[in-house]
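Input: a single structure, listed below in C-alpha cells.
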Amino acid sequence: MTAARKDSTTNDSRRTSRRQSARAQKRSGWQRFMRGLAATADVLAIAALALTGYAGYVSPLSKGGLWGILVLGFGPVLAVCLLLLVIQLFWHRRGAVIIGAGLLLCAGPVLTFCPLNVIHPKVPEEAETFTLLSYNVHQFHAPGVRPVLVSDSFATATVDYILSTDADIVNMQEGTSYLTMSKKGLPQKMRQALNDRYPYVFTDGKELVVMSKFPVTPVHLDISPEFKGGSVGCYRIHLPSEKMVTLFNVHLASMNMNSEDTIAYKRITGLERTSLRFIKNELLRKVSAASVIRARMSQQLMRYIRQFGGPDVIVSGDFNDVPGCYTIRLLSDAGFHSVYPETGFGPITTFNGGRMYFCIDHTLYRGGLVPVRMTRGDIRSSDHYPLLTEFYVKP
C-alpha cells in the first residue's frame, strides 16, 4: 500500500470516528434532556401528590373552597405517580428514586386512600359483636333519577339487600320513603319482615332513618342554620351487654351539580372539548362553595359530638367528600378512626353515578370499639353502594 493510500485510509477512519462521536454526543445530549424533563415531571407530580394529599388539613372556611377541590384530585394524581414509577424503573432509575421518595413522603394519605390490610383483627371469644349497615338509599329510587316517587323494583331490591345482610343496625340517608313504601308497591311480606327484624325505627322526618334490633334512644338536636342543605341525627344504641354506643347519622351537603353540570363533567372525563368559562364559573364555583358549606357543617357536627357524644361514638353516613377531607381531619383530631383504612385493601368507591368514582361514604369510630372488617355491597339500586361494618366491643 502506498503512503498516499495509507494517509487516505487514516483520514477516512478519523472522519468516521468523528461522525460516530458526534452522533454519540447528540444521543447523549438528547437522553440528558429527556431525563431532565422526566425528573421535572417527577418533582411536579410529587408536589401535586403532597398538595392534594394534605389539602384536607387546610380549612375551606378560612382559606377558601379551592382546598376542598384539591383533595378530590388525590386519586388521579396518585395514579399518575404510580405510572411514572413503573415506567422509570425500566428507563430512568434516578427518576424512580424521586417518585419513591415522594410516595414515602405522602405515605399517610396514600395508605388512607389505598390501604393494604391483609389480616383482620381476631375477635376475642368473650367479646360482644354487632354489625352496622350504612346506606344512602336514594329514597328507594333508580340511580340517576330524581327521587320523587318510590320505584317498585329498586325499592324491592334495596330492601331485599338490607334483609340479606341481617345487620344489627341500619343507618340510612335519603330513606324517609321507607315510611310510605307499603303504599308504593313494596310487597307486604317484605315490609313485615323489616318490621319484625327491626322493632326500633327512628327518623328525622326529613331523610334520615335508623333501624335497630337493639333499643334506641334518640337524642334531640337543635339543628342550627349551619346544617341547611344537610342532615344529622343522634341516637343512643343500647347493646345487649348494656354497653351504650352513640351513633351520629350524617348527610353532608352535596356538590349541588345539576344535569348540565353533570354532562359537562362527563365531557371532561371523556376528554371532550368543554368551555373553560363554564368549568370555572359553574363547576368549580359550585364545588368550591359546597366544600365551604361542608366545612361549616363539620364544625357544627363537632359541637354536637362534644355535647352528646360520650366515650363510645360512631359517625357514619354520606359525607359527600373523600378520604383525607377536612371533615375527616376534624374527626381524626377528636380521636376518631376511619374504618376502611384500618380494615380494607385497595382503593374503594362508594358512589356509582356519572363517572364520579369517589369514596364519599364513611364510617368512623372512637372509644372501646374495634372494627373487624368493612364490606362494600355491589348492589346498584341506589346511586351509592352500601357499607357493612362489623365491630366488637373491647372486653
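No value in this document is a laboratory result; all are computed from the given coordinates. Just so we're clear, the structure is a prediction, and the values are computed from it rather than from any experiment. Here the Cβ positions follow ideal geometry from the backbone for every residue, glycine too, while neighbour counts run over all protein chains shown.
Numbers at a glance
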{"item": "Region 79-120 shape via C-alpha gyration tensor axes, a/c threshold 1.5", "result": "prolate"}
{"item": "Residue among Arg373, Arg355, Arg329 with the largest mean-square fluctuation in a Gaussian network model of the chain, springs linking Cα atoms under 10 Å", "result": "Arg355"}
{"item": "DSSP bridge pairs, the chain: antiparallel proportion in percent, nearest 5", "result": "80"}
{"item": "Top of Arg296, Arg273, Arg376 by mean-square fluctuation, Gaussian network on the chain, Cα under 10 Å", "result": "Arg273"}
{"item": "Potential lengthening between Leu44 and Trp91 on full extension [0.36 nm per residue; Cα-Cα distance subtracted]", "result": "15.1 nm"}
{"item": "Cα gyration tensor, region 128-393 - rounded (a/c under 1.5), prolate or oblate", "result": "oblate"}
{"item": "Gain on full stretching of the segment that runs from Ala107 to Ser259 - 0.36 nm per residue minus C-alpha separation", "result": "51.0 nm"}
{"item": "Förster-model FRET efficiency, 22 Å R0, Val201 and Asp160, C-beta, rounded to 0.05", "result": "0.75"}
{"item": "Gain upon complete extension [Leu51, Arg376; 0.36 nm per residue less C-alpha separation]", "result": "114.1 nm"}
{"item": "Per-pair calculated FRET efficiency, R0 = 25 Å: Ala127 and Gln307 via Cβ, rounded to 0.05", "result": "0.25"}
{"item": "Ala193 versus Phe345: modelled label distance in nm, points set 7 Å from Cα along the beta carbon direction", "result": "3.1"}
{"item": "Most fluctuating residue given options Asp333, Asp222, Asp168, as computed from a GNM of the chain linking Cα atoms under 10 Å", "result": "Asp222"}
{"item": "Likely footprinting exposure, Ser338, Ser332, fewest C-beta neighbours within 10 Å first", "result": "Ser332, Ser338"}
{"item": "Per-pair calculated FRET efficiency, R0 = 35 Å: Arg32 and Leu284 via Cβ, rounded to 0.05", "result": "0.35"}
{"item": "Entries in Lys63/Lys280; Lys206/Lys243; Lys206/Lys286; Lys63/Lys266; Lys243/Lys394; Lys122/Lys394 that, when Cα-Cα distance is taken, lie over 22 Å", "result": "Lys206/Lys243; Lys206/Lys286; Lys63/Lys266"}
{"item": "Charge dipole (debye, nearest 20) of the chain; +1 at Cβ of Lys and Arg, -1 at Cβ of Asp and Glu", "result": "2800"}
